[in-house]
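Undergrad: Quick one: the structure is below, questions incoming.
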Amino acid sequence: MTILIQQIINGLQLGFVYALIALGYTMVYGIVRLINFAHGDVFMVGAYFGFYAITRLALPFPLALLVAMAGCAVLGVTIERVAYKPLRRAPRIAALITAIGVSLFLEYFCSLRFVFGPDYRSFPRPFAVRNFDLGGVTVSNIQIMVFAVAIALLVLLQLFVQKTKTGMAMRAVSFDKDTARLMGIDVDLIISITFAVGSALAAAGGVLYGIAYPQINPFMGIMPGLKAFVAAVLGGIGIIPGAMIGALIMGLVEVLSAAFVSSTMRDAFAFGILILVLLVKPAGILGSSTQEKV
Amino acid sequence: MRLRAGWIALLCAAGLYLIVLITGRTGLLNPYWLQIFQFAGIMTVSGLGLNVIYGYTGQFSLGHAAFYGIGAYTAAFITKSAATGGWMLLPALLAGAVAAGLVAFLIGMPILRLRSDYLGIATLGFGIIVKVLFDNSDAVLPTLGGSRGMTGIPHFTSWTWVFLCVIGAVLLVRNFVYSSHGRACISVREDEIASEAIGINTTQYKTLGFVLGCSLAGLAGGLYAHLYTFLHPMNFDFLKSLDVLLIVVLGGLGSISGTVVAACAWTLLLEGLRVVLPTEILDWRLVIYPLLLIVVMLLRPKGLFGGNEFRFLKPEERR
């Protein structure tokens, strides 16, 4: 029983990191209907920004997190302006292919010697690791920090989207772009803000990932990015609480199947559940299926 | 007119075949480049398959490499266990194509009900599950090698085999697309509800397009296995599915000519950059390639051919 609880805690840790990436996917998809394949690589760049902020600039952890988030927000907006904006009226697949192009570019450009280099780097722990024993279940201060930062950011995001005027504009644009424009909303600006917020969250996820699983390399974003995207679909793409629920499910399934079934088969379980959920609820767990009008 | 264009195309194809064959035999073309040419052919066959699924039937698939892998492993398993002459390649290739088609049929029945991006995600998930199964395959069939990779596959694929398969695939896809079945598939792509209203069984045609496309991927996989004589689950992960998608979209969805040109250009470009770039900036090869990709997409959002064809691939217009 304690093993189960222990694994659930480990699963939640992974799930919260996925949640931070999944939110960017789901927000971008909700607004421009684009699977932003480069998002996982923004997560990677975020981890590296955090790495350099801690090692080179010797910043304390909260500042390093902010630096990484700000850096990636700029990166996200740049990607959107250069690679996606010119294709807004083109077939959707064209933007998807440029997204794949941006993703490959970020991976291989960052592997160049004078950028980040192709090697694995060990991520420094910004504070000493301490374990707390709660009746047989160990919780480390790193896990507590991951939970705290992730939950705080999620609450902030929810407040931003639900309570502020910009958040309202974002919801309006995702609902109907043309009507939003008629209501005087600067759609291009809102799309840029969405990319900035999503990329900043991914960067936070990257830094937390680096601290929790202390090894980073330029290709680290591929699998977490893919799983976070799947999590967003699982929860109902375009729905913010859905992305969180989906991400926690993905994290739990992955860790639990690795612990109790087979560690080499864990991806098969995670993606098997995805297919089953899609077959039962094609729009995801929180998604409402829309009836097509003739 | 069309007849003449057809003859010219046939002559060009035969000429290309002979040039590569002769230069390959005499050593003018080194074995490495001969292998690249064969690989370009294999990507063409696989790309044509995805074009049938996505370009003509409009079903978004991100799991093409899984079917490519199923074909590769099936064909390799047969030739490796049978241990006979090169003629075994033909039944092995066919078995690979049939196996991929069969799996496509079984998985397509439930998941083809999903639409657009959701179908893409489901096929992507399926692709990853298949890769994980390949990783663990040695637990059931030790011959398959699991995550250590499958070795000792006989080198049966030759330029002639690849060439015949490419020609066969082009003719098959062309004749399918312009048949009434192909027309039904295109109408499903254009509007599912309208096609249903005019009496087209959309489920049946979606499955037909999917199975045909995946069989071509399986055929390409069989050729691949007997070209490189080594298979590893990494060769069939989801990034490989993206490669095929890139080729099909770059060439132009719903264009056979586009897929053929894009598959050759893509393969030769990736290898060509290796030759053209000086050694000190060779690391830049995979940085330049995505930049080119982005630029091409920004300049030609509908792909190189944008749904058009070479004239000889189009049927004569009835007046």
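Undergrad: Beyond 15 Å, how much of the Cα-Cα pair distribution for region B:252-317 remains, as a whole percent?
TA: Summing the P(r) tail past 15 Å for region B:252-317 gives 61 percent.
Undergrad: Through the Karplus equation 6.51 cos²θ - 1.76 cosθ + 1.60, θ set to phi - 60°, convert the phi angles of region A:163-177 into ³J(HN,Hα) values in whole Hz; use x for Gly and Pro.
TA: 10, 8, 5, 4, x, 5, 4, 4, 5, 5, 5, 5, 6, 7, 5
Undergrad: Other chains' Cβ within 10 Å of A:107-114 residues: what's the mean?
TA: Going residue by residue through A:107-114 and averaging, the value is 4.
Undergrad: Hey, could you pull the Cα Rg and Dmax for region A:129-196, both in Å?
TA: My reading of the Cα-based Rg and Dmax gives 19.1, 60 Å.
Undergrad: How high is the FRET efficiency between B:A194 and A:V280 when r is their beta carbon distance and R₀ equals 25 Å, given to the nearest 0.05?
TA: Calculated value: 0.35.
Undergrad: Seen from all sides and averaged, what is the projected area of the convex hull of the Cα atoms in region B:2-313, in nm²?
TA: Mean shadow area of the hull around the Cα atoms is 17.2 nm².
Undergrad: Can I ask one more? Among B:293-299, A:9-15, B:259-265, B:218-224, what's the highest-first ranking by average C-beta atoms within 10 angstrom per residue?
TA: In decreasing order of mean packing, B:293-299, A:9-15, B:259-265, B:218-224 become B:218-224, B:259-265, A:9-15, B:293-299.
Undergrad: OK, next. Starting from the Cα gyration tensor of region B:63-222, take the square roots of the eigenvalues, sort them a ≥ b ≥ c, and report rounded, prolate or oblate (rounded when a/c is under 1.5, otherwise prolate if a/b is larger than b/c, else oblate).
TA: Here region B:63-222 falls in the oblate category.
Undergrad: Can you divide the C-alpha Rg of region A:15-130 by 2.2 N^0.38 Å and report the result to two decimal places?
TA: Ratio of Rg to 2.2 N^0.38 Å for region A:15-130: 1.17.
Undergrad: Right, here's the next one. One-quarter of the Cα convex hull surface for the protein assembly as shown, in nm²?
TA: Result: 30.7 nm².
Undergrad: Would you mind ranking A:M170, A:M1, A:M145 by Cβ crowding within 10 Å, fewest neighbours first?
TA: Ranking A:M170, A:M1, A:M145 by Cβ neighbours within 10 Å, fewest first, gives A:M1, A:M145, A:M170.
Undergrad: Using the reciprocal of the averaged 1/r over all distinct C-alpha pairs, how large is the Kirkwood radius of region B:151-275 in Å?
TA: Hydrodynamic radius (Kirkwood, Cα pairs) of region B:151-275 is 16.5 Å.
Undergrad: Calculate the FRET efficiency for B:A5 and B:L299 from the Cβ-Cβ distance with a Förster distance of 25 Å, rounded to the nearest 0.05.
TA: It comes to 0.35.
Undergrad: Hey, another quick one. So what is the relative contact order of region B:2-313, in percent, for Cα pairs below 8 Å that sit 6 or more residues apart?
TA: Relative CO of region B:2-313 lands at 33 percent.
Undergrad: Show the residues, 5+ positions off or on another chain, whose built amide H is closer than 5 Å to the amide H of B:M150.
TA: Under 5 Å from the amide H of B:M150 lie the amide H atoms of B:L231, B:H232, each far enough along the sequence or on another chain.
Undergrad: Could you list A:V207, A:V173 so that the one with the fewest beta carbons within 10 Å of its beta carbon is first and the one with the most is last?
TA: A:V173, A:V207
Undergrad: On to the next question. Just how far, in whole angstrom, is region B:274-289 from region A:1-42 if you go by their alpha carbon centroids?
TA: About 35 Å separates the Cα centre of region A:1-42 from the one of region B:274-289.
Undergrad: Run the quick spin-label model on A:D186 and A:F127: label points 7 Å from Cα toward the beta carbon, then report their separation in nm to one decimal.
TA: It works out to 3.9 nm between the two label points.
Undergrad: In chain B, which whole DSSP H runs stretch at least 24 Å along their own axis (Cα) and average -1.0 or higher on the Kyte-Doolittle scale?
TA: Helices passing the filter in chain B: B:2-26, B:31-50, B:64-82, B:89-111, B:116-135, B:159-177, B:202-228, B:256-276.
Undergrad: Another question, then. From other protein chains only, count the Cβ atoms within 10 Å of every residue's Cβ in B:242-255, then give the mean.
TA: Mean inter-chain Cβ contacts per residue within 10 Å come to 2.
Undergrad: Hey, another quick one. Which Rg and Dmax, in Å, describe the Cα atoms of region A:150-245?
TA: Spelled out, the Cα radius of gyration and Dmax of region A:150-245 are 15.2, 48 Å.
Undergrad: Sort A:F61, A:F114, B:F60 so that the residue with the fewest other Cβ atoms within 10 Å of its own Cβ comes first and the one with the most comes last.
TA: A:F114, A:F61, B:F60
Undergrad: Additional query: Give the dimensionless ratio obtained when the Cα radius of gyration of region B:161-217 is divided by 2.2 N^0.38 Å.
TA: Rg over 2.2 N^0.38 Å, computed on Cα atoms: 1.26.
Undergrad: Also, I was wondering about something else. Determine the distance separating the Cα centre of region A:113-172 from the Cα centre of region A:203-254; give it in Å without decimals.
TA: Cα centres, region A:113-172 to region A:203-254: 11 Å.
Undergrad: Magnitude of the Cβ-charge dipole of the protein assembly as shown, K/R +1 and D/E -1, about the Cα centre, nearest 20 debye?
TA: Taking the Cα centre of the protein assembly as shown as origin, the dipole is about 880 debye.
Undergrad: In whole Å, what are the Cα extents of region A:1-55 along the three principal axes, biggest one first?
TA: 45, 35, 12
Undergrad: Output the peptides A:262-268, B:302-308, B:8-14, B:249-255 sorted from most to least packed, where packing is the average of other Cβ atoms within 10 Å over each peptide's residues.
TA: So the order, starting with the most tightly packed, is B:249-255, B:302-308, A:262-268, B:8-14.
Undergrad: I've got another one for you. Sorted from largest down, what three extents in whole angstroms do the Cα atoms of region A:15-221 have along their principal axes?
TA: Computed over the Cα atoms, the extents are 56, 41, 29 Å.
Undergrad: Next up: Please list, in order along region A:90-107, the HN-Hα scalar couplings obtained from phi with the Karplus expression 6.51 cos²θ - 1.76 cosθ + 1.60 (θ = phi - 60°), rounded to whole Hz, x for Gly and Pro.
TA: Using θ = phi - 60°, the values come out as 7, x, 4, 5, 4, 5, 4, 5, 5, 4, 5, x, 4, 4, 4, 4, 4, 4 Hz.
Undergrad: Tell me the net charge near B:A72. Cut-off is 14 Å between Cβ atoms, B:A72 excluded, with +1 for each Lys or Arg and -1 for each Asp or Glu.
TA: In short, +2.
Undergrad: Please compare each pair in A:K85/B:K206; B:K80/B:K131; A:K227/A:K281; B:K206/B:K314 to a cut-off of 27 Å on the Cα-Cα distance and tell me which ones are over it.
TA: Long pairs (Cα-Cα over 27 Å): A:K85/B:K206.
Undergrad: Here's a follow-up. Say a paramagnetic label sat at a point 7 Å from the Cα of A:F114, along Cα to Cβ; which residues of region B:288-313 have their backbone N under 18 Å from it?
TA: Counting only backbone N, you get B:288-289.
Undergrad: Need one number: nm distance between label points at A:Y213 and B:I288, each 7 Å from Cα along Cα→Cβ, rounded to one decimal.
TA: With each label point 7 Å from Cα toward Cβ, the separation is 3.4 nm.
Each reported figure results from applying straightforward, stated rules to the coordinates on display, with no laboratory input. Just so we're clear, the structure is a prediction, and the values are computed from it rather than from any experiment. Quick reminder, even Gly has a Cβ in these numbers, built from the backbone with ideal geometry, and neighbours come from all protein chains shown.
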